[in-house]
1. If you go through segment 242-267 one residue at a time, how many are surrounded by 15 or more Cβ atoms within 10 Å (Cβ to Cβ) and within 17 Å of Gly282 (Cα to Cα)?
2. Residues being in contact (Cβ under 8 Å) with a residue 60 or more places away in the chain and surrounded by fewer than 21 Cβ atoms within 10 Å (Cβ to Cβ): count how many of those fall in segment 220-241.
3. Would you please list the contacts, defined by Cβ atoms under 7 Å and residues six or more apart or on different chains, that run from a residue in segment 147-170 that is outside any strand (DSSP E or B) to a residue that is among the hydroxyl-bearing types (Ser, Thr, Tyr)?
4. Six or more apart or on different chains, Cβ atoms under 6 Å: show the pairs whose first residue is in segment 201-219 and without any contact (Cβ under 8 Å) to a residue 40 or more places away in the chain and whose second is acidic (Asp, Glu).
5. Would you pick out the residues in segment 82-113 that are under 20 Å from Arg47 (Cβ atoms) and of a type in the set (Val, Ile, Thr)?
6. Can you tell me which of Gly192, Gly282, Gly290 is without any contact (Cβ under 8 Å) to a residue 24 or more places away in the chain and at positive phi?
7. If you take the residues in segment 30-54 that are in contact with a helix residue (DSSP H, G or I) (Cβ under 8 Å, 6 or more places away or on another chain) and small (Gly, Ala, Ser), which one is modelled with the lowest pLDDT?
8. Does segment 178-191 contain at least one residue that is charged (D, E, K, R), outside any strand (DSSP E or B) and buried (at least 20 other Cβ atoms within 10 Å of the Cβ)?
Amino acid sequence: MDHTMELTKQFLRAKNPCAMGFRWFVRNLDDGVGYQAALDTLVNAGRIEDACWLLRNFGPTNEVLHVDSLEADAVVFAGTIQARGGIDVSGIILTGRSVHAGGGIKAGGSITVGEDIRAGGSVICGEHLRTGGNLRTDWGIDVEKSLTCGGDLRAAWDLVVKDAIEIRGGAVVGQDLIAGFSIQCDKNLRVGGHLQVADSMRAGQGIAAGGSIDCVTHIEAGWGIRAGQYIHAQGAIKAGESLCAGEDIRSGDGYGVFAGLNVQEQSWDVSGQVWAHELPVGLRSGSWAGPSPI
């Protein structure tokens, strides 16, 4: 959409707005007002939900906002925001395209970005964080509710999310990853420190942690699972290929440990190995190989 497009009453009515919102628009905005100007006016008037509705219905633009830093009560921008310093918003951040900041990004409400987030500092979100593309920060990420990343995630420090995590690409976390509910990663999940999940954990490819892997229910990976320390779950542990832990591998009572699920049984000694200090109780598949060589 061209950001120079003008919004008319007829154009707006075609999107079936609520009656109250349409009346406010007619009374407070000129017929033919610019798209971003309308968003700014709504935000300044405290009509944040109406601004979000407008952006959802009319879509993103190619406009780029260049600022040294950004502080606001709320931000609804149809294009890309590029800040040389940090971004600090007490309410929500909603953009049609990307957000790039040389410093940190902080929002007291949700952060919803149509494309990528790139931050030179930490990303701190008081509610849900959603990005349609990649999420990358040179520091850590702290989210009070859920996190949904439409591409790859990279965090140099910790990733702490109080609710569920969904990553449609791969993830690399330099230090610890702590999830208050489940984690779903469509590709590889790599963590430099400890990996702790309060519900289920699943990766479409491999899972690797420099420290321990601790999960309240089930752990599942399409490829292998590796931990520098232990791998513990209160449910089942399932690996499409090998399992490797510097210490022990332990599933929940009545659940099993499975390796080599995605390879032929005759290949278990190569692609379905199980490495740990001792034979895991409840090992159902895979080839026991002894203590980890790593």
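1. Result for segment 242-267: 17.
2. Of the residues in segment 220-241, 1 are in contact (Cβ under 8 Å) with a residue 60 or more places away in the chain and surrounded by fewer than 21 Cβ atoms within 10 Å (Cβ to Cβ).
3. Gly150/Thr131; Ala156/Thr137; Asp163/Ser146; Ala164/Ser146; Ala164/Ser182
4. Arg202/Glu220; Gly204/Asp186; Val216/Asp199; Thr217/Asp199
5. Across segment 82-113, the qualifying residues are Val89, Ile92, Ile93, Thr95, Ile111, Thr112.
6. None of the other options fit; the residue is Gly290.
7. By that ranking, first place goes to Ala38.
8. Within segment 178-191, none of the residues are charged (D, E, K, R), outside any strand (DSSP E or B) and buried (at least 20 other Cβ atoms within 10 Å of the Cβ).
The values are calculated or read from the model by the stated rules, or taken from the named source; none is laboratory data. Predicted model only: the values in this text are computed from it and were never measured. Positions of Cβ are generated from backbone atoms using ideal geometry, with glycine treated the same way; all protein chains shown enter the neighbour counts.
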